[in-house]
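Worksheet: the structure to be examined is printed underneath.
All of the numbers you see were taken from the coordinates with simple rules; none came from a lab. All figures in this text were calculated on a predicted structure; none of them were measured in a lab. Ideal geometry is used to build each Cβ from the backbone, glycine not excepted, and the neighbour counts take in all protein chains shown.
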């Protein structure tokens, strides 16, 4: 069991059934940045959407979507939020993205610890229990 100080509260992390060395309880925002012309991106969209669907079915992704471009500008990429998992697992998943395999985009991974969330999202984040220790 690990303890974290957050503000004036001490928070105890309750680890799921995953070894501590493989899991740190972080979630991820992934920015997908296109590096190829839109016509090349369009040619890989079906494969990319199938890849995304597989990872929704596996429970890896919470939400995905296009980045909103400025008016009159082309799409520049996408955003996905991945549930709590090891960084290595996420990187292995991203390495199988058809955009990555075809060198059409790069992934920028932002790792964060979800300390608070709406109740509907709690099952995707690491469980946190306030303690008085």
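Across region 22-114, the convex hull enclosing all Cα atoms gives 92 Å³ per residue. Here the simple spin-label model places points 7 Å from the Cα toward Cβ, and for residue 110 and residue 70 these points are separated by 1.9 nm. By other beta-carbon atoms within 10 Å, ranking 60, 47 with the fewest at the front produces 47, 60. What FRET efficiency comes out for the pair residue 42/residue 121, r = Cβ-Cβ distance, R0 = 25 Å, nearest 0.05? After rounding to 0.05, the efficiency reads 0.20.
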